[in-house]
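Just below is one structure, and these are the notes that go with it.
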Amino acid sequence: MEVALSASCAGDAPLGVAVSGGGDSVALLLALAGRRVHAVTVDHGLRPGAAAEAQFVAGICARLGLRHDTLRWQGWDGQGNLQDSARRARYRLIADWAAAQGIGRVALGHTRDDQAETVLMRLARGAGVDGLSAMAPRRESLGVTWLRPLLGLSRADLRAYLAERGQGWIEDPSNEDARFDRVQARRTLAALAPLGITAEGLAETAARMGTARAALEAATLEAAGRVAREDRGDVVLSRAGLDALQGEIARRLLVASLCWVASSEYPPRAEALAETLAALGSAPRATLHGCLIARETDDLRIGREPAALAGTVAPAGALWDGRWWLDGPAEPGLEIRALGEGGLAACPDWRATGLPRASLLAAPAVWRGAHLVAAPLAGLCNGWQARLATTLSQRIISH
């Protein structure tokens, strides 16, 4: 058999491929061989065999003449959800690696079975249209285009493909650990087969939900063009315009605005959003999801919450707070931090910018130790400019 890949993996630009050593990702690697591929493996350091699995992948890449890197995660503190923490760390590590390598696309080995399991897990959490659309074939996040070219194929298809080529793979023992939600979903899916609930059917449901989600996103994007505007990293929403929107579209626009400003992958809880909006009926401002929401005369302004940026530091030239680039005369020892009270005091012309004081406190600034070098949004440029990595529109349609 052959593994047909979508056109998203074509082209002359370098393509990253995440390979764990399992059957799905190894099959993807073989199917992509012949393109400008650079493979990457993340060693989470959670199992004794993880390093050997990375070496196994490196050996396949050497035989195929492909570049390969291993990234190591050392951030697990034993708190919270292990699989979720590992997943987030894996995406962040790969995104940083891709940026350093000049790679804009990374292919992932998720299959139709993974899609079906995701639908089941989200059903258990009471998900709506977005959640049940599950994994998209193409997604923009963390500055990378993530591709899933195998969503139409089953694990069995891919293992048959590997067997025909005499290529082995490594089974992750955690795939049999019933403590993990995905393993439970896998077993539940097998138990549901007599009812006609199959991986194929659930994957088709996800595809239909994806179509519905795209329609809702298009409506939200159109609404944003009428009632929202970006203001140097803030989102300003017409209160009258927002009130006139259909409820689901208004909710989506608010959530997208909050997530864009906070550079957050996940939305706020529905209950928290409702409580915050109710509070704004009488209070002049409220905080939610790392954002400060302030009532202006006719608008709602959503900006970054200054207190949420404590400890957020990046070297000059790197992306700060997940969305800001600062361009200027970089030199050793410079770093990007929030402007803060002390920095704002060193910007005598900040009022002329027209941005609220709270927004400027959370603005990106260039520092050399305790000395403020530049704060472009506060009128202290010194050869530096601030630019956003994404737009609100991109946030609305890419998640």
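The values are calculated or read from the model by the stated rules, or taken from the named source; none is laboratory data. Computed from a predicted model, the values in this text were never measured in an experiment. Cβ placement follows ideal geometry from the backbone for every residue including glycine, while neighbour counts extend to all protein chains displayed. For accessibility, only protein heavy atoms count, side chains too; no ligands or nucleic acids. Shrake-Rupley method; radii C 1.70, N 1.55, O 1.52, S 1.80 Å.
One line per residue, one yes/no per condition, for (1) acidic (Asp, Glu); (2) touching a Leu at 6+ places or on another chain (Cβ under 9 Å):
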site	(1), (2)
Glu335	yes, no
Gly343	no, yes
Leu360	no, yes
Trp367	no, yes
His371	no, no
Trp384	no, yes
Ser393	no, yes
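Please enumerate the residues belonging to region 45-73 that are out of contact with any strand residue (DSSP E or B) (no Cβ under 9 Å at 6 or more places or on another chain), at pLDDT below 95 and open to solvent by 40 Å² or more (accessible area, probe 1.4 Å). Within region 45-73, Leu46, Arg47, Pro48, Ala52 qualify. Taking Pro173 as the residue in question, decide whether it is open to solvent by 50 Å² or more (accessible area, probe 1.4 Å) and either free of Cβ contacts under 8 Å to residues at least 40 places away in the same chain or not acidic (Asp, Glu) (or both). Yes, satisfied.
Taken over region 337-376, the residue count meeting the criterion of being in a strand (DSSP E or B) and either in contact with a Ser or Thr (Cβ under 9 Å, 6 or more places away or on another chain) or in contact (Cβ under 8 Å) with a residue 24 or more places away in the chain (or both) is 11.
Taking the listed residues Glu230, Glu204, the one that is surrounded by 12 or more Cβ atoms within 10 Å (Cβ to Cβ) and either more than 21 Å from Ser133 (Cα to Cα) or touching a residue at least 60 places away in the same chain (Cβ under 8 Å) (or both) is Glu230, with no other qualifying. Residues being part of a helix (DSSP H, G or I), within 22 Å of Arg122 (Cβ to Cβ) and among the small types (Gly, Ala, Ser) are represented in region 250-262 by at least one member. Does Gly317 qualify as being more than 24 Å from Leu258 (Cα to Cα), over 29 Å from the mean Cα position of the chain (by Cα) and open to solvent by 40 Å² or more (accessible area, probe 1.4 Å)? Judged against the criteria, Gly317 is not a match. The set of residues in region 233-244 being buried (at least 16 other Cβ atoms within 10 Å of the Cβ) and in a helix (DSSP H, G or I) consists of Gly241, Leu242. Residues that are modelled with pLDDT of 95 or more, of a type in the set (A, V, I, L, M, F, W, C) and either within 16 Å of Trp97 (Cα to Cα) or surrounded by fewer than 21 Cβ atoms within 10 Å (Cβ to Cβ) (or both) within region 18-44 comprise Ala18, Val19, Leu30, Val37, Ala39, Val40, listed in sequence order. Here Glu217 qualifies as part of a helix (DSSP H, G or I), among the charged types (D, E, K, R) and touching a Lys or Arg at 6+ places or on another chain (Cβ under 8 Å). A single entry from Ala286, Ala294, Ala272 fulfils the requirement of being in a helix (DSSP H, G or I) and at pLDDT 95 or above: Ala272. Against the numbered list (1) open to solvent by 40 Å² or more (accessible area, probe 1.4 Å); (2) closer than 17 Å to Ser263 by Cα; (3) modelled with pLDDT of 95 or more, Ala386 comes up short only at (1). Considering region 158-169, the residues that are touching a helix residue (DSSP H, G or I) at 6+ places or on another chain (Cβ under 9 Å) and surrounded by fewer than 17 Cβ atoms within 10 Å (Cβ to Cβ) include one that is farthest from Gly59 (Cα to Cα), namely Arg159.
Looking only at residues of region 97-123 that are touching a residue at least 24 places away in the same chain (Cβ under 8 Å) and surrounded by fewer than 19 Cβ atoms within 10 Å (Cβ to Cβ), we find that the one that is farthest from Arg35 (Cα to Cα) is Met121. Where helices (runs of 4 or more DSSP H) sit wholly within region 79-174, those with at least 2 residues that are over 19 Å from the mean Cα position of the chain (by Cα) occupy 112-124, 155-165. Remark: Pro267 matches the filter, which requires a residue to be open to solvent by 70 Å² or more (accessible area, probe 1.4 Å), within 30 Å of Ala99 (Cα to Cα), modelled with pLDDT under 95 and under 20 Å from the mean Cα position of the chain (by Cα).
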